[in-house]
Amino acid sequence: MISGRRPLARRLTAFSAGVGILLAQIVWNRQLVLLLGGSVDATAAVLAAFMLGLGLGGRTFGLLAQRSDRPVVVLRRILALCAVVSFLPFFGSRLASQMYPTLYGSGLPVLPVRFLMSLVLVFPATFLAGGVVPVMARIVQGADGERETARLYGINAVGSAIGGFLAGFVLLEVCGAMWTLIIGAVLLVLPSVLYVETTAKPTRRTGRGERPPWFLLGIYATSGMIALAYESVWTRQLSFVLGNSTYAFSLMGVMVLLGIGLGSIAGQKAGSRAANPLVSLALVETGLGIASILPLSALGSFNDLVDLFSAGGWGGIVLGRTVSCALYMLPSTMLMGATFPLMVMAAARSQRLGEDVGTLSMANCIGAALGPVLATMVLFRFLGVTVSTAVLACGSIALGTLLFLKASRKLFLPISLVAAAVVIALVAESPPPGSQPPPDMELLFFREDRTATLSVFGREWDSHRSLRINGVEEVPIDQPSLEAFYSLGHLPWGYNPGADRAMVVALGGGVTAGALLTHPLQRVVCVELCPGLLEALPLFERENRRPDRDRRFELVADDGRNFLLGNADLYDIIICDATHPGSVDSWVLYTREFYGLVNSRLTEDGIAAQWVPLHQLPPEEMLRILATWARVFPHAAVHLVGGRHMVLVGSPEELELDVQAMFEEPEAESQLRSLGYDPRFPDQLRPLLHDRHLDRLAERENLRSNTDTRAYCQFIRSKLKGGAQSTITPNVASAMSLRDRPPSDLRLGQMMYWEGLLPRAAELFRDLESPLGRRWLSVCLTTAAEQQVQAGRGDESIPLLREALRADSTWNRPKRLLDMIESRLQES
């Protein structure tokens with residue numbers, strides 16, 4: 001047992017509580033994403049509910065502890081109760097999912113519904129968690145109480161950072177959500193058991209009797225709002241450096257909390273030496289404005305730093321991203337953390353410390369609750385992310401200016417003017433993240449939408465286009481990708497040629513939705529998190545046929561899983577064209593529970609289809625996705641398309657593919673033939689695996705399903721070895737091993753192609769007579785020619801390109817490359 005009056009006991013308690021609360025909070029976030037979706041609006045609603053609970057809890061328990069002569073008992077009870085109610089969001093979200101369709105379809109605005117559900121589920125736990133620091137402030141009030149409170153706040157935040165790291169990098173992957181929550185609860189209960197009661201002196205109203213001034217409360221609330229808005233900005237900007245994996249977002253959260261913790265510890269030391277804490281606070285806010293802008297001007301250097309470490313495998317990648325993230329975020333987040341001790345020293349009463357820290361916490365958290373709303377619904381919508389960064393930075397500088405005036409330090413005002421000028425100059429000179437095209441390409445479209453940053457890059461000589469969302473390539477226009485997009489749209493129709501109603505999860509470049517609309521469906525509902533993608537569709541008109549102009553097409557701005565959960569409508573076809581399962585927001589579309597939800601929304605003979613990438617996907621995780629799918633759908637099949645993509649098909653009824661039906665409509669036939677598909681060679685469209693193969697896979701007991709509580713696919717990046725394409729051939733080989741017969745020459749050739757063995761692949765393709773085989777020979781030879789050109793041997797590429805043209809004269813890419821090379825040779 002340890003005494004509540006000893007510094008070590010207090011600090012261990014603050015640290016343990018920080019770890020435990022963050023472990024629980026990350027699990028709550030997962031559950032609320034599953035219930036409410038991953039849209040920016042849902043995220044804003046959840047964050048607002050979190051911060052409101054923390055703020056009101058801080059105020060309530062600060063007052064309660066202030067009036068008690070046994071504040072340690074109050075703290076112990078808070079931690080014990082928090083451990084108990086931390087399970088409420090986990091189990092309550094499952095019950096709430098039964099009510100959600102009623103609320104979703106009630107006609108009420110969706111955002112308030114999401115906020116209220118978040119509030120009901122997380123408020124009890126966050127309300128209790130918000131009381132930890134104010135109650136500890138009450139315990140230490142008196143001489144040096146402000147400084148010790150700042151230390152405890154900092155230690156609590158550092159503990160939270162470690163909790164975020166453990167959850168994101170270790171526990172969720174190794175233990176799953178439930179055990180992560182249990183460990184967090186234990187860490188909350190532990191100090192409540194070990195922390196023995198000591199009697200504190202009753203408080204008397206001595207010294208300065210004023211409560212924290214409204215002016216400072218307003219400053220602190222605005223500071224909290226800007227701080228949370230900064231986090232929304234960094235999430236978008238750093239996705240261009242760190243990617244969009246679970247690890248990347250965990251790392252960002254760790255750096256925010258670590259910086260706040262270190263900043264608070266450093267700030268209490270600086271504040272104790274300051275003659276006027278208001279002046280120090282003004283300087284901190286002004287410095288925050290500049291620190292938040294500086295990394296934007298050097299974004300490319302952070303990418304170079306990540307690349308420098310990447311050669312060291314997964315450990316090197318984590319180290320490189322950690323260093324980059326720290327350099328990008330820690331200067332700003334440490335300044336954010338320093339505002340707490342300085343505000344406490346400026347506004348709190350030493351003999352009413354618990355009450356006043358609670359009041360300050362409430363102001364800051366209420367402001368923070370508005371931060372994500374300000375960023376995503378106002379600033380990003382009207383100004384874009386880059387300009388919003390400047391606005392927020394100027395907001396911090398404005399707070400500094402007000403504090404200089406309050407402290408009667410008008411001589412410091414030129415600092416504010418210089419800082420604002422620096423911010424404006426840096427933003428004016430910094431290209432927005434995502435707007436810089438790759439080599440040999442140009443920017444065709446760019447928009448910093450409130451939901452995502454959208455870029456389309458193009459190349460003139462072959463009309464290649466690439467759609468990128470937050471820096472991640474989602475829609476490249478090339479032979480393998482078009483095979484995937486078109487197959488995803490046409491295959492479900494081949495399995496269910498009488499379909500009337502269809503739903504597509506994710507719009508992308510509109511290619512899959514456009515392919516589906518070539519068939520005589522009555523209605524196609526497309527659910528997309530980023531409706532701004534509609535503006536990019538004209539750049540892909542040749543491939544997508546502009547689905548947005550079709551009267552049968554309806555776009556719904558929402559999360560696909562959330563839309564299905566909230567609607568009881570049944571569909572003849574449901575297509576899931578989600579991003580990579582390793583993405584932070586897509587793993588929820590690869591779990592057993594989601595597949596069950598899809599199956600429940602199908603008509604009796606309905607068809608579900610899902611895209612599965614084979615790049616950056618370890619073979620074990622590919623097989624796990626297939627097994628999870630097969631365990632849910634009574635009948636299932638797997639198609640291999642483009643040699644690097646899979647299309648999973650599932651249905652309550654037996655599957656039978658009508659290849660001829662896929663070609664009946666002239667526009668559908670034109671699309672399929674443009675890729676080399678031909679109804680005379682139906683086997684090239686038939687599944688690679690079907691019920692017999694998948695049933696055997698589903699029976700493997702050592703291959704557990706992806707579930708909402710433990711989604712193995714969420715953590716695949718740590719299991720990758722080699723480059724992005726190094727998993728393609730092993731994945732195909734693993735799938736082939738489930739079959740009873742050897743692969744065709746087309747499949748073998750594609751495997752060789754993706755291994756980079758182009759001469760061997762070409763030999764296999766040369767023996768094929770089908771249009772698809774001839775197309776892949778042309779693709780292979782053109783790729784070899786491009787490699788020659790890149791090596792400076794353009795003249796040696798000409799015979800390869802001429803053979804490519806002879807192999808498939810309908811594909812114009814080798815012709816365009818040949819014309820470009822011959823033109824260059826003539827000029828030289």
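Numbers for the structure displayed
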read-out	value
When residues of segment 409-459 are limited to those that are of a type in the set (Lys, Arg) and in contact with a Phe, Trp or Tyr (Cβ under 8 Å, 6 or more places away or on another chain), the one most open to solvent (accessible area, probe 1.4 Å)	410
Strands (runs of 3 or more DSSP E) contained in segment 455-526 and holding at least 3 residues at pLDDT below 95	472-476
Residue 539 open to solvent by 20 Å² or more (accessible area, probe 1.4 Å), more than 22 Å from the chain's Cα centre (by Cα) and over 28 Å from residue 656 (Cβ atoms)	yes
Enumerated helices (runs of 4 or more DSSP H) restricted to segment 666-748, each holding at least 2 residues that are touching a helix residue (DSSP H, G or I) at 6+ places or on another chain (Cβ under 7 Å), among the β-branched types (Val, Ile, Thr) and open to solvent by less than 40 Å² (accessible area, probe 1.4 Å)	728-736
Residue list for segment 549-579, filter: without any contact (Cβ under 8 Å) to a residue 60 or more places away in the chain and in contact with a Pro (Cβ under 9 Å, 6 or more places away or on another chain)	553, 555, 556
Enumeration of residues in segment 133-148 that are β-branched (Val, Ile, Thr) and at pLDDT below 95	139, 140
Lone unmet requirement of (1) modelled with pLDDT under 80; (2) under 30 Å from residue 272 (Cα atoms); (3) open to solvent by 60 Å² or more (accessible area, probe 1.4 Å) for residue 195	(3)
Counted residues, segment 420-454 - those being part of a loop (DSSP other than H, G, I, E, B) and either under 27 Å from the mean Cα position of the chain (by Cα) or of a type in the set (Gly, Ala, Ser) (or both)	15
Selection from segment 141-177 of residues that are of a type in the set (A, V, I, L, M) and farther than 18 Å from residue 130 by Cα	143, 162, 166, 167, 170, 171, 172, 174, 177
Selection within segment 106-151 - open to solvent by 50 Å² or more (accessible area, probe 1.4 Å) and on the phi > 0 side of the Ramachandran plot	107, 144
Helices (runs of 4 or more DSSP H) wholly inside segment 260-349 containing at least 2 residues that are open to solvent by 40 Å² or more (accessible area, probe 1.4 Å), at pLDDT 85 or above and not charged (D, E, K, R)	277-291, 313-347
Selection count, segment 212-236, where residues are out of contact with any helix residue (DSSP H, G or I) (no Cβ under 7 Å at 6 or more places or on another chain) and either touching a residue at least 60 places away in the same chain (Cβ under 8 Å) or open to solvent by less than 20 Å² (accessible area, probe 1.4 Å) (or both)	1
Subset of segment 557-576 (residues that are open to solvent by 10 Å² or more (accessible area, probe 1.4 Å) and in a strand (DSSP E or B))	557, 572
Residue in segment 152-169 that is more than 27 Å from the chain's Cα centre (by Cα), surrounded by fewer than 24 Cβ atoms within 10 Å (Cβ to Cβ), of a type outside the set (A, V, I, L, M) and assigned to a helix (DSSP H, G or I) present	no
Residue list for segment 750-788, restricted to those being of a type in the set (Val, Ile, Thr) and touching an Asp or Glu at 6+ places or on another chain (Cβ under 9 Å)	779
The lone exception for residue 587 - which of (1) more than 22 Å from residue 489 (Cα to Cα); (2) at pLDDT below 95 it fails	(1)
Any hit, segment 577-598, residues being open to solvent by 10 Å² or more (accessible area, probe 1.4 Å), farther than 20 Å from residue 509 by Cα and in a strand (DSSP E or B)	no
Residue in segment 237-258 that is within 30 Å of residue 28 (Cα to Cα), of a type in the set (Gly, Ala, Ser), touching a helix residue (DSSP H, G or I) at 6+ places or on another chain (Cβ under 8 Å) and modelled with pLDDT of 95 or more present	no
Pair list, Cβ < 7 Å and 6+ apart or interchain, from segment 1-14 residues that are on the phi < 0 side of the Ramachandran plot to residues that are at pLDDT 85 or above and hydroxyl-bearing (Ser, Thr, Tyr)	none
Residue within segment 40-60 that is open to solvent by 60 Å² or more (accessible area, probe 1.4 Å) and under 25 Å from residue 593 (Cα atoms) present	yes
Per-region count, segment 54-86, residues within 21 Å of residue 14 (Cα to Cα), of a type outside the set (S, T, N, Q) and part of a loop (DSSP other than H, G, I, E, B)	2
Pairs where the first residue, in segment 159-188, is more than 10 Å from residue 24 (Cα to Cα) and at pLDDT below 95 and the second is open to solvent by 10 Å² or more (accessible area, probe 1.4 Å) and outside any helix (DSSP H, G or I), C-beta under 7 Å, 6+ apart	176/709; 176/710
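The values are calculated or read from the model by the stated rules, or taken from the named source; none is laboratory data. Since the structure is predicted, the reported quantities are computational estimates derived from the model, not experimental observations. Virtual Cβ from ideal backbone geometry, glycine too; neighbours counted across all protein chains shown. Please note that ligands, DNA and RNA were not included when accessible areas were found on the heavy atoms of the full protein model with its side chains. Shrake-Rupley method; radii C 1.70, N 1.55, O 1.52, S 1.80 Å.
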